[in-house]
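One structure below.
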Amino acid sequence: MSTFHETAIAAAIAGKLPFGYPVIPTPSTDPGASGQAVAVTFTGSPGARLAIQVVDPSQLEDGSKDAPLADRLHPIFEAAVAVLGGGALGDGEQVDAVEVFTDAGTQVFDMVDAAGSVVARAAVRIDGSRAAASTGPQRLSRIAGVEMELVVEIGRTRMPVRDVLSLEPGRVVELDRAAGSPADIKLNGRLIGHGTVVVAEGDFAIRVERILDGAEAV
């Protein structure tokens, strides 16, 4: 099970990876790895060993496609270790992914897009520890400004093109769920919970009824 530090680092990596679409971190059920990854060491209290593996680096939209991948990922590592406080971040190096992803004490996270595809993976190993309960909230504030898209979905339907073209004001489109059913709450395109649509001060809002755990949200 991931700790506060590991989860916060994974969230920072997901928020800073320069894809043209949002991704969210999910604890991986497959810690194995093949190919290459970029790894760095952070010396601090606590310290950490981090690695990022990008499935298709050509999808990174950072304007530096000709630069070494280690240099392109360095700002992401800097944002990730900010949650750990003061320390020194080493240079990134290309390593065999299996070397860091299967290392003892390492938590692996899949970076998942809205379609459920894994577009990157991150390995996080915390070296040493301090009481997360006393320092966690303050350090979390370092990445609290990372924006994520929250969407409420009341239902879906599929329609032939001819029916879409015939849509006009007053037309009723049936959705795939009954009236009164809970709405889906999605974070960066991934289902995280259910709730009830309400009106708050004249605006639509969502009352959260249930937050799904990792297994249910897959």
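Coordinate-derived values only; no laboratory data. If you're wondering where the values come from, they're calculated on a predicted model, not measured in any experiment. Here the Cβ positions follow ideal geometry from the backbone for every residue, glycine too, while neighbour counts run over all protein chains shown.
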At 25 °C in a medium of viscosity 0.890 mPa s, the chain has a Stokes-Einstein diffusion coefficient, with Rh taken as the Kirkwood radius over alpha carbon pairs, in µm² per second, of 126
Ranking request for peptides 147-159, 84-96, 4-16: highest mean number of other beta-carbon atoms within 10 Å first, then the rest in descending order. 4-16, 84-96, 147-159
Lys/Arg Cβ at +1, Asp/Glu Cβ at -1, dipole of the chain taken about the Cα centre: which of 41, 173, 20 is farthest positive-ward? 173
Who wins for biggest fluctuation among 60, 73, 17 in a Gaussian network model of the chain, springs between alpha carbons below 10 Å? 60
Just need the relative contact order of the stretch 4-140 here, percent rounded to a whole number, with Cα pairs under 8 Å and 6+ apart. 38
